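S.K.: Got a structure for you, questions after.
Just so it is clear, none of the values below were taken in a lab; they were calculated from the coordinates. Worth saying up front: this structure is predicted, and the values here are computed from it rather than measured. A quick note on method: Cβ atoms are made from the backbone with ideal geometry, for glycine too, and the neighbour counts reach across all protein chains shown.
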Amino acid sequence: MHDRSDYKSGWQLEREWQAQEYGARENDNYEVSDSDDEDLPFACYICREKFTTPVVTKCKHYFCETCALKHYKKTKRCFVCEANTGGVFNPAKEIIAKMKAAEEA
């Protein structure tokens with residue numbers, strides 16, 4: 001059985017048509033967000049889990065702090081792009097803010 005709660009009845013469509021509102025609000029449903037949140041990953045590239053204390057490398061790849069440090073002990077290169085990290089792992093402020101916002105919502 002399909003949920004059809006988002007469909008309008010004929011009388012609702014006719015009322016909107018007569019009030020010249022039919023399809024007026026539909027454009028809002030298709031707006032593309034210009035936020036940069038879509039560029040941020042939602043999981044660590046190494047462990048494939050949700051981030052725990054996320055960090056970012058110079059090459060802009062995101063990892064959990066423990067995963068990044070374990071990988072750094074094995075090799076000094078980035079797990080994703082093989083660039084030299086130089087041991088620099090900065091706190092990923094964007095992802096931390098995104099995680100806090102998700103907790104509040």
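S.K.: Where a ≥ b ≥ c are the square roots of the eigenvalues of the C-alpha gyration tensor, would you call the stretch 46-105 rounded, which needs a/c under 1.5, or, failing that, prolate if a/b is larger than b/c, or oblate? Display every interim value, and only then the final one.
M.R.: Values: a/c = 2.66, a/b = 2.02, b/c = 1.32.
Taking the square roots of the gyration eigenvalues as a ≥ b ≥ c, the stretch 46-105 is prolate.
S.K.: Measuring from label point to label point, each 7 Å out along Cα→Cβ, what is the Lys58 to Ala43 span in nm?
M.R.: 3.0 nm
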